[in-house]
Amino acid sequence: MSGTALTRKFGVTKYDKKKALNGYTLLAPLWNKFAWLIDMEGNIVHKWTFNKRPGDFTELLPNGNLLYPERFPTPKVMFLGGCGCDLLEVNWDNKVVWKHIDGEQHHIVRRLRNGNTVYPVVKEIPHNLNSKVKGGIPGSEENGQSIFGDNLREVNPDGEIVWEWVGHERLDLDVFSICPMEPRADWVHTNSIVEMPDGDLLICCRNIDSLIIIDKKTGDVKWHWGKGHIKHAHMVSYVGDGNVMCYDNGPHRENILVDYSRVVIVNIETKKIVWEYVDEAPQNHFSLINCGAQKLPNGNIFITESTKGRIIEVTPEKEIVWEYYNPFYNTTGLETQPGWNSWVHRAYRYPVDYSGFEGKEFNPVDYREYNKIYGSGAF
Amino acid sequence: MITKEKEPRPLLYRNPIREFKGYTLFSPLESKEAYLIDLKGRIAHKWSLPLAASYNMEILENGNLLYMGKVEDGPMSDFEGCGGKLIELDWDSNPVWEYTDPYMHHTFYRRRNGNILFAKWVKTPDEAINSIKGGIEGTEKDGIMWSDAIIEVDKYGYVVYQWKAYEHLDREKHIICPLDHRTEWTRANSIYEKENGNILVNFMMTHSAAEIEKETGKVLWDFTGELAHAHSISEVAGGNFMLFDNGLHTIYIGFSRIIEVDPRSMKIVWEYKEDSIASFYSSILGGCQRLGNGNTLICDSSNGRIVEVTPEKEVIWEYVSPYYHDHNLYGHSNIIIDAKRYPPEYPAFKDKDWLF
């Protein structure tokens with residue numbers, strides 16, 4: 001259900017206390033200068049305030065700090081949503097504990113187990129490769145001549161570049177073609193990186209519709225999947241048992257004249273989809289941009305349907321056991337994203353015993369002036 | 001099978017000061033029922049349909065219901081929007097007239113003289129196929145590309161007019177969406193006869209619309225560059241035309257909108273979209289009707305919702321269908337196809353039996 005009827009839903013609309021994972025949800029409404037932690041009833045229990053609007057990513061690290069990119073007013077590449085430049089790690093009290101400036105960073109920031117940080121950087125590819133890049137809308141190179149791909153850049157805590165993976169040297173141009181409905185300026189569009197148990201990197205590349213595993217030692221593309229199955233996906237993750245998961249946004253599906261989104265889990269070895277979540281009326285769950293899927297410790301999947309401001313927790317049997325509608329509305333000021341919206345990039349649920357919460361206190365009373373307006377019972 | 005599910009109440013909002021008074025006709029997708037509800041959302045009358053409706057329906061001045069029925073085992077039955085039979089039922093659902101053409105699809109328009117215009121699929125000649133652009137190369141199913149003809153049939157079942165897209169439409173302007181197969185060129189899902197007798201057509205697969213001069217078959221104008229798999233074209237006061245622009249297969253945020261265009265300038269002169277933009281999005285079906293008081297009735301099909309908005313774009317009547325059904329593609333949903341409002345003084349309603 002959507003439309004005006006949908007925009008009258010706010011806060012927690014479903015909560016199965018037995019089946020939902022007890023914890024706190026990190027919520028960063030898109031294009032706003034704050035992030036909240038909310039409890040299972042929708043009450044704000046903690047707040048971070050930003051100086052600038054964050055890029056399309058905010059995460060609570062196991063050390064209890066918040067990691068996010070802070071958007072420059074004019075990103076390096078105008079067409080690329082999610083372009084942010086100052087990478088910030090702030091503590092519980094909003095103090096900056098780490099900062100790294102990289103004008104080419106976009107989308108995600110991933111802290112590795114070794115303490116380094118890896119992120120995609122937007123890179124114009126050599127013009128002699130342009131004619132080899134397949135797909136996309138003909139003639140839509142930036143300024144008629146530029147195609148942008150991605151490098152992956154790893155920096156140590158001192159901000160020194162210790163590893164760089166050059167996309168256009170590693171991605172087979174015959175395989176990784178652009179969706180026919182996307183601009184040729186935007187070839188790869190990596191929006192998600194996770195570290196595999198063996199240290200390899202698993203990335204999600206939106207415009208070439210591929211999940212890719214990169215061998216960290218050699219830089220080779222070790223595995224890929226997605227073409228013909230997913231469209232413009234987000235938030236890839238490794239979920240154990242040799243399986244990876246992503247949120248398959250699904251616009252621009254070939255010869256399918258209805259839009260629907262889904263979450264899929266695919267086995268690396270067999271390349272078969274082993275689990276899938278689709279709404280009982282598929283077209284009722286759809287978001288063209290952003291979105292997230294997170295596997296929770298209790299086996300449930302935490303899903304963000306971004307452009308509806310809707311966050312749900314579903315069991316493996318696909319029962320919705322928690323549902324929340326972001327009550328905070330704002331305007332982006334962007335022509336491509338008009339209106340007053342309650343969009344959320346991706347929300348995370350952390351269990352009450354999450355290492356990041358160690359020593360922290362949660363008291364909704366500290367935010368009672370907010371919770372009368374946004375929290376439980378406010379709507 | 002339709003199941004009526006528990007909703008708090010299907011009528012979510014109404015403003016009796018601004019609403020256009022009358023009854024609303026709608027049908028849940030693939031159901032064999034059509035409902036006529038009052039402004040409180042109560043069913044005042046219903047029809048049982050021998051076949052599910054493919055798209056639009058109309059109540060005639062004598063109270064009969066005219067619609068295009070979807071035949072289940074015709075040559076085109078696995079094509080989206082397949083119809084096959086024009087059916088007229090009386091107020092009590094007795095069939096009183098029908099016309100069969102297994103290749104008719106989607107839409108019809110009943111002329112004042114009782115003749116009916118409808119769209120049908122015809123095979124595109126091979127030499128034409130090669131010059132039709134767009135779509136994914138080599139995807140003509142069995143080598144056939146279907147394109148549209150507009151047929152006019154009289155009450156005796158005689159075909160009195162025929163217009164073929166491949167004979168008149170500019171192939172440089174009507175280009176198939178790059179994501180779609182080349183099994184169809186245009187897909188006329190909506191036709192409307194203007195006051196002056198010309199025909200407005202909306203072509204879904206080519207994101208375009210056109211006005212056809214009936215006598216000559218000439219295309220007077222093409223409207224391109226704005227639409228994304230649109231539906232429901234009509235003429236509105238002042239000679240403008242209006243469409244439900246679904247917004248499917250666009251680059252940016254998927255959202256639906258109603259647009260009113262002045263064909264003299266090809267400029268959009270009125271547009272309705274929701275403030276919370278992605279929340280009004282029907283990638284399938286969809287309809288719009290300009291009402292006598294200037295309001296617009298919107299059928300937000302995918303969400304089972306009918307909304308009436310003022311020219312100032314304020315929602316003043318909103319109904320969500322409580323009728324759920326199962327579909328192999330669309331799952332368990334309350335999708336409705338088309339909605340039309342008729343005032344109580346419409347001759348169809350005189351001396352009729354009502355459910356209450």
Can you tell me which of B:ILE116, B:ILE132 is under 16 Å from the mean Cα position of the chain (by Cα), in contact (Cβ under 8 Å) with a residue 40 or more places away in the chain and open to solvent by less than 20 Å² (accessible area, probe 1.4 Å)?
B:ILE116
From the list A:PRO351, A:PRO297, which residue is touching a Pro at 6+ places or on another chain (Cβ under 8 Å), open to solvent by 60 Å² or more (accessible area, probe 1.4 Å), in contact (Cβ under 8 Å) with a residue 60 or more places away in the chain and not small (Gly, Ala, Ser)?
A:PRO297
Residues being at pLDDT 90 or above and over 25 Å from A:GLU305 (Cβ atoms): count how many of those fall in segment A:357-379.
8
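Among the strands (runs of 3 or more DSSP E) contained in segment A:21-68, which hold 3 or more residues that are over 18 Å from A:LYS95 (Cα atoms) and not basic (Lys, Arg)?
Details: elements: A:23-27, A:34-38, A:44-49.
By residue number, A:23-27.
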Of all residues being of a type in the set (S, T, N, Q) and out of contact with any Pro (no Cβ under 9 Å at 6 or more places or on another chain) in segment A:138-185, which is nearest to A:CYS205 (Cα to Cα)? Just the residue, please.
A:SER177
Going through segment A:163-203 in order, the residues found to be within 14 Å of chain B (Cβ to nearest Cβ) and of a type in the set (Asp, Glu) are A:GLU182, A:ASP186
All but one of (1) without any contact (Cβ under 8 Å) to a residue 40 or more places away in the chain; (2) surrounded by 16 or more Cβ atoms within 10 Å (Cβ to Cβ); (3) among the aliphatic types (A, V, I, L, M) hold for B:LEU169; which doesn't?
(1)
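Just to be sure, is A:THR336 modelled with pLDDT under 90, open to solvent by 40 Å² or more (accessible area, probe 1.4 Å) and more than 20 Å from A:PHE34 (Cβ to Cβ)?
yes
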Matching residues, segment A:311-342, being touching a residue at least 12 places away in the same chain (Cβ under 8 Å), at the interface with chain B (Cβ under 10 Å from one of its Cβ atoms) and either more than 21 Å from the chain's Cα centre (by Cα) or within 16 Å of A:GLY11 (Cβ to Cβ) (or both):
A:TYR329, A:SER342
Listed residues A:LEU112, A:LEU173; which is under 30 Å from B:ILE176 (Cα atoms) and open to solvent by less than 30 Å² (accessible area, probe 1.4 Å)?
A:LEU173
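Could you tell me how many of the residues in segment B:330-353 are open to solvent by less than 10 Å² (accessible area, probe 1.4 Å), outside any loop (DSSP other than H, G, I, E, B) and at the interface with chain A (Cβ under 10 Å from one of its Cβ atoms)?
From segment B:330-353, those open to solvent by less than 10 Å² (accessible area, probe 1.4 Å) are B:333-337, B:339, B:341, B:348; that's our starting set.
The next check asks that each one be outside any loop (DSSP other than H, G, I, E, B); those that pass are B:333, B:336-337, B:339, B:341, B:348.
With the extra rule that they be at the interface with chain A (Cβ under 10 Å from one of its Cβ atoms), the set shrinks to B:333.
Residues meeting the conditions: 1.
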Within segment A:181-198, the residues that are open to solvent by 10 Å² or more (accessible area, probe 1.4 Å), assigned to a loop (DSSP other than H, G, I, E, B) and in contact (Cβ under 8 Å) with a residue 24 or more places away in the chain are A:ARG184, A:HIS189, A:MET196, A:PRO197
Answer yes if at least one residue in segment B:294-311 is facing another protein chain (nearest Cβ under 9 Å) and open to solvent by 10 Å² or more (accessible area, probe 1.4 Å), and no otherwise.
no
Could you list, in sequence order, all residues of segment A:116-139 that are open to solvent by less than 30 Å² (accessible area, probe 1.4 Å) and either over 23 Å from A:ILE208 (Cβ atoms) or touching a strand residue (DSSP E or B) at 6+ places or on another chain (Cβ under 8 Å) (or both)?
A:ASN116, A:THR117, A:VAL118, A:TYR119, A:PRO120, A:VAL121, A:VAL122, A:ILE125, A:VAL133, A:GLY136
Only unsatisfied item for B:ILE298, checking (1) over 13 Å from the mean Cα position of the chain (by Cα); (2) within 26 Å of B:ILE336 (Cβ to Cβ); (3) not in a loop (DSSP other than H, G, I, E, B), is (1)
Restricting segment B:312-329 to residues that are in contact with a Phe, Trp or Tyr (Cβ under 9 Å, 6 or more places away or on another chain) and open to solvent by 10 Å² or more (accessible area, probe 1.4 Å), the one nearest to the other protein chains (Cβ to nearest Cβ) turns out to be B:VAL315
Can you confirm whether B:GLU260 is at pLDDT below 95 and either within 17 Å of A:PHE286 (Cα to Cα) or open to solvent by 10 Å² or more (accessible area, probe 1.4 Å) (or both)?
no
So which residues in segment B:276-293 are assigned to a loop (DSSP other than H, G, I, E, B), more than 9 Å from chain A (Cβ to nearest Cβ) and either crowded, with 22+ Cβ neighbours inside 10 Å or touching a His at 6+ places or on another chain (Cβ under 8 Å) (or both)?
B:LEU285, B:GLY286
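Mind listing whichever residues of segment A:273-297 are within 14 Å of chain B (Cβ to nearest Cβ) and over 18 Å from A:GLU319 (Cα atoms)?
If the condition is that a residue be within 14 Å of chain B (Cβ to nearest Cβ) and over 18 Å from A:GLU319 (Cα atoms), then A:SER287, A:LEU288, A:ILE289, A:ASN290, A:CYS291 are the ones that fit.
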Just checking, how many residues over segment B:1-25 are in a loop (DSSP other than H, G, I, E, B) and either in contact with a helix residue (DSSP H, G or I) (Cβ under 7 Å, 6 or more places away or on another chain) or at pLDDT 55 or above (or both)?
11
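The values are calculated or read from the model by the stated rules, or taken from the named source; none is laboratory data. Not measured: the values here are computed from a predicted model. Counting neighbours? That spans all protein chains shown, and the Cβs are built from the backbone with ideal geometry, glycine included. Calculation scope for accessible area: heavy atoms of the full protein, side chains included, ligands and nucleic acids excluded. Shrake-Rupley method; radii C 1.70, N 1.55, O 1.52, S 1.80 Å.
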